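Every read-out reported here was derived from the displayed coordinates using simple, explicitly stated rules and does not represent laboratory data. Not measured: the values here are computed from a predicted model. Every residue, glycine as well, gets a Cβ built from its backbone with ideal geometry; the counts of neighbours run over all protein chains shown.
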Amino acid sequence: MEFPRSCGCKGIRTCLICEKKCGIQKKDFIGLKQERNAYVYCPWCKKAWPGWDVFTYEEHLNHSGTSLDFPGIFIKLDFLNVAEEECLMSGIDKMAWDPSQSGRRKQNFGPKCNFKKKRLKLGNFKGFPGFTRFVQEKFKDVNILKGYRTVEQCSLEYSPTRGASIDPHIDDCWVWGERIVTVNLLADCILTMTQYHGEASRYNLRDVDTYPPVLNEDGKVIDECKNADSSESLPLRNSGMDNSAKQVGTDVVVRVPMPRRSLLVMYGPARYLWEHTVLREDVLQRRVCLAYREFTPTYLEGGKHACEGSVILDMARNFWDHKSADSIN
């Protein structure tokens with residue numbers, strides 16, 4: 001099943017449509033509930049507590065059991081208000097959707113990337129829809145996003161009618177930087193996280209130690225790390241992160257809540273040592289998220305590919321009228 005299907009799936013990726021049409025059996029990721037010790041991340045405690053039902057985090061003062069430290073997650077509840085969410089969805093639903101894998105639909109605005117060959121092109125990237133500009137403006141009020149410069153913005157739709165999900169993965173580490181940002185719309189959802197034990201060549205994870213971190217262990221922006229090519233500026237990143245992972249244990253699954261209208265930032269250990277997935281079973285109604293990506297320091301000022309990156313960063317300053325058909329990426 002390596003060939004693309006009409007629903008947008010290909011390879012091992014499936015949705016309800018192609019599973020029924022082609023007789024495909026979906027891989028059972030929900031088995032994690034029985035196979036591993038499950039914990040729920042609390043945005044107030046910033047710790048993970050025993051359990052599977054994510055929205056028990058609302059019982060913040062009544063946690064039970066022994067908690068785990070789970071560094072690398074930041075959640076800002078009520079990042080958007082109701083009117084802002086309605087504004088975004090009004091604009092998003094006026095634009096065309098493209099089919100994506102695993103039952104999702106997408107609207108993607110960013111450069112063209114070849115992750116295997118590590119090639120980056122401007123492609124058809126013209127900037128972002130104007131009605132989304134205020135979201136990036138609001139990033140400036142979030143301390144952990146200090147200096148964040150968006151180079152990709154993607155609208156992703158998850159619908160239970162298509163069995164939408166996303167398989168466990170780590171976002172590419174060659175071009176996408178440390179802070180992985182998600183703004184959640186229309187419905188509560190859950191990010192399910194499991195430790196990654198595969199090859200370092202996958203996801204371009206080896207690249208992580210070739211550039212400096214953006215955040216320290218407390219999630220505060222490191223202002224002094226500017227030169228991405230100076231080996232003297234590179235701390236022992238993976239050693240510290242590995243210690244964090246060992247403290248958690250390999251038989252653990254951590255469930256991270258993504259409440260409606262919240263902002264989630266993944267960084268550090270959660271970003272580089274754990275795969276994240278959205279399980280089909282957790283998509284109970286239509287959910288749309290805005291996913292944001294920044295460059296690694298190699299494409300920023302002082303980095304090896306700063307000139308290449310500057311062209312795309314310049315284009316990323318543009319916000320265009322989504323009502324104009326000629327403007328749409």
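Of note:
- Exposure proxy order (Cβ contacts within 10 Å, fewest to most) of R119, R255: R119, R255
- As a ratio to 2.2 N^0.38 Å, the alpha-carbon radius of gyration for the stretch 52-137 is 1.58.
- Cα gyration tensor shape for the stretch 1-153, rounded if a/c is under 1.5, else prolate or oblate: oblate
- For S155, S100, S201, S67, the sequence from fewest to most other C-beta atoms within 10 Å is S201, S67, S100, S155.
- The equivalent ellipsoid of the chain has semi-axes of 27, 26, 21 Å, largest first, where each one is the square root of 5 times an eigenvalue of the Cα gyration tensor.
- Share antiparallel - DSSP beta bridges, the chain, percent rounded to 5: 90
- Residues T194, T14, T66, sorted so that the one with the fewest Cβ neighbours within 10 Å comes first: T66, T194, T14
- Over the chain, Cα pairs under 8 Å with separation of 6+ residues give a relative contact order of 27 percent.
- Across K112/K138; K106/K126; K46/K146; K112/K220; K76/K220; K47/K138, pairs whose alpha-carbon gap is larger than 22 Å: K112/K138; K112/K220; K47/K138
- Using Cβ point charges alone (K and R +1, D and E -1), the dipole size of the chain about the Cα centre works out to roughly 1060 debye.
- Whole-number D in µm² s⁻¹ for the stretch 120-169, Kirkwood Cα-pair radius fed into Stokes-Einstein, 25 °C, 0.890 mPa s: 175
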